[in-house]
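The values are calculated or read from the model by the stated rules, or taken from the named source; none is laboratory data. Everything quoted here is computed from the prediction, not taken from an experiment. Virtual Cβ from ideal backbone geometry, glycine too; neighbours counted across all protein chains shown.
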Amino acid sequence: MTKQGSPRGASPPSRVAIVVKGYPRLSETFIAQEILGLERNGLDLAIWSLRHPTERVSHPMHRQIAAPVTYLPEYLYQEPLRVLRGALAALRNPRLGKLLSAFWRDLKRDFTPNRGRRLGQALVMARELPPDIRHLHVHYLHTPASVVRYTSLLTGLSFSFSAHAKDIWTTPEWEKREKIAESAWGVTCTETGHRHLAALAPDAGHVRLVYHGLDLSRFPAPPKGRPPRDGSDPADPVRIISVGRAVAKKGYDDLLSALAALPEGLHWRFAHIGSGELLASLKQQAAAKGIGHKVIFLGAKAQPDVISLMREADIFVLPAKEAKSGDRDGLPNVVMEAASQGLAIIATDFSGIPEFIRHDREGWLTPPGDWESLANALNLLARDPQVRHRLGMAAYERLRNDFSADGGIARIAALLRASLSVATDQGAAKTEKEEARP
């Protein structure tokens, strides 16, 4: 039967559901950048989020995204009728047995309330998905991918994934292996993550390496010249900045130790931008080390404010490391954002960072967890504005030449179009088969 308003024989319009853990989120500008880029590539999208937003401010990109947003029940007890309607609809679904078998295998290995919540969210999503959704694409391979996998089993829709950081390194191997095998394809954003996930994939090429990159059209050009501060003037100290959530993997405890070890004659100020669970303890640590008067914690800021502060700074620093939980960063977007402003970067030789920053070429790298090396790097760059200028401009050129967002988004758009094409062909074949029945 042809949809009203569609020419007979024409394929109905089809959309991709983009599934995220929370939307919008300031810490995930790379996801917003990708969604906006996919829309500009002509894809019709719908956003499904497992959580409501928790931040008062959003990125300007979020206001440019046209895709509608649907929020699943964050906690099942909060929207029992939606969950009940999803469960009743599933009882009439012939695929329910396949879903329950997979869920039971998962539950035996992960007997947690969280596992049941993901099933409930999937029941809601499977019932409420519009018929023009033909493919599911999920950001993060841990809990969001569980919801999408269960939804896929119940609806028969194909799904793909984009893996980033924590989801790669804290998800059990059995779970990653099974999700990857059931997916149509996947992408990840660092060579380290790609090697790990490719080893779990059923065949070569199932998981691709696609850097997020940065859309430089969203950023002003680097400042033409920064003041040649060298830390000798107490009235004009060297300005050091970092942007990132106050969590263990960012290494801010190491950074405060390094700052406290800087020579007394070196004049500096440090500003941190971001929220996070360790913010209060970091403030206490700064005070206990006697540097509280030189350190300011600004909390979460909108993107224009972040860029403005970067343009006024002399050094950007991010001492990322592996947390005790196994969590780690990939290639943090804030490192590329600092490069977009020609800012000298000090970071750790860890995870995906050295794929972009090469030591003494585009920035200065120190071993993760080594606050003494970090202090030496800060002391060196704080005293030498010429070195800072050389490193900052080299990072900008590498970003512009090798890490543009356009290429990566084009690759993902092509993969999504291919998945939509397969789904459309399968749907047409099914319709023809049903219409051929007597």
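Results, tabulated for the structure shown:
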item	result
Segment 330-353 - residue that is more than 17 Å from the chain's Cα centre (by Cα) and assigned to a loop (DSSP other than H, G, I, E, B) and, of those, surrounded by the most Cβ atoms within 10 Å (Cβ to Cβ)	LEU343
Yes/no for ARG269 being in the same structural domain as GLU34 (by TED's automatic domain parsing), charged (D, E, K, R) and without any contact (Cβ under 8 Å) to a residue 60 or more places away in the chain	no
Number of the condition not met by VAL138 [criteria: (1) in a helix (DSSP H, G or I); (2) touching a Phe, Trp or Tyr at 6+ places or on another chain (Cβ under 7 Å); (3) not hydroxyl-bearing (Ser, Thr, Tyr)]	(1)
Scope segment 366-375; condition in a helix (DSSP H, G or I) and surrounded by 23 or more Cβ atoms within 10 Å (Cβ to Cβ); matching residues	LEU374
Residue list for segment 179-215, restricted to those being within 30 Å of THR424 (Cβ to Cβ), in contact (Cβ under 8 Å) with a residue 24 or more places away in the chain and acidic (Asp, Glu)	GLU182, ASP215
Condition met for ILE307 (assigned by TED's automatic domain parsing to the domain that holds PRO228, farther than 18 Å from THR192 by Cα and of a type in the set (Val, Ile, Thr))	yes
Unique residue being assigned to a loop (DSSP other than H, G, I, E, B), modelled with pLDDT of 95 or more and touching a Pro at 6+ places or on another chain (Cβ under 7 Å) when the list is GLY290, GLY231	GLY231
Residue identified as assigned to a loop (DSSP other than H, G, I, E, B) and in contact (Cβ under 8 Å) with a residue 60 or more places away in the chain among PRO73, PRO130, PRO53	PRO130
Which numbered condition PHE161 fails, given (1) farther than 24 Å from ALA32 by Cα; (2) among the hydrophobic types (A, V, I, L, M, F, W, C); (3) within 25 Å of the chain's Cα centre (by Cα)	(1)
SER308 among the small types (Gly, Ala, Ser), at pLDDT below 95 and either surrounded by fewer than 22 Cβ atoms within 10 Å (Cβ to Cβ) or within 19 Å of GLY369 (Cβ to Cβ) (or both)	no
Selection within segment 77-115 - touching a residue at least 12 places away in the same chain (Cβ under 8 Å), under 16 Å from ALA145 (Cα atoms) and in a helix (DSSP H, G or I)	LEU99, ALA102, PHE103, ASP106, ASN114, ARG115
Qualifying positions in segment 248-283 - crowded, with 20+ Cβ neighbours inside 10 Å and among the hydrophobic types (A, V, I, L, M, F, W, C)	LEU255, LEU256, ALA258, LEU259, LEU262, TRP268, PHE270, ILE273
Selected residue (criterion: modelled with the lowest pLDDT) from residues of segment 355-402 that are more than 15 Å from ILE240 (Cα to Cα) and of a type in the set (S, T, N, Q)	ASN401
Among (1) without any contact (Cβ under 8 Å) to a residue 40 or more places away in the chain; (2) surrounded by fewer than 20 Cβ atoms within 10 Å (Cβ to Cβ); (3) not aliphatic (A, V, I, L, M), the one test that SER152 misses	(2)
Top-ranked residue of segment 284-305 - restricted to ones that are small (Gly, Ala, Ser) and within 29 Å of ALA32 (Cα to Cα), ranked as surrounded by the fewest Cβ atoms within 10 Å (Cβ to Cβ)	GLY299
Odd one out for ASN376, checked against (1) closer than 22 Å to TRP268 by Cα; (2) polar (S, T, N, Q); (3) under 19 Å from the mean Cα position of the chain (by Cα)	(3)
Verdict on LEU197 being under 28 Å from the mean Cα position of the chain (by Cα), crowded, with 20+ Cβ neighbours inside 10 Å and on the phi < 0 side of the Ramachandran plot	yes
Hits in segment 354-365 - residues which are crowded, with 24+ Cβ neighbours inside 10 Å and touching a strand residue (DSSP E or B) at 6+ places or on another chain (Cβ under 6 Å)	ILE357, GLY363, TRP364
Answer from ILE18, ILE35 - the residue that is within 19 Å of HIS212 (Cα to Cα), part of a helix (DSSP H, G or I) and of a type in the set (Val, Ile, Thr)	ILE35
All positions within segment 293-329 that are within 24 Å of HIS359 (Cα to Cα) and either part of a strand (DSSP E or B) or over 22 Å from the mean Cα position of the chain (by Cα) (or both)	ARG311, GLU312, ALA313, ASP314, ILE315, PHE316, VAL317, LEU318
Check on LEU262, among the aliphatic types (A, V, I, L, M), at pLDDT 95 or above and outside any strand (DSSP E or B)	yes
Criterion: of a type in the set (A, V, I, L, M, F, W, C), at pLDDT below 95 and in a helix (DSSP H, G or I) - qualifying residue of ALA414, ALA429, ALA418	ALA429
Members of segment 121-133 found to be more than 17 Å from ARG92 (Cβ to Cβ) and buried (at least 24 other Cβ atoms within 10 Å of the Cβ), listed by number	GLN121
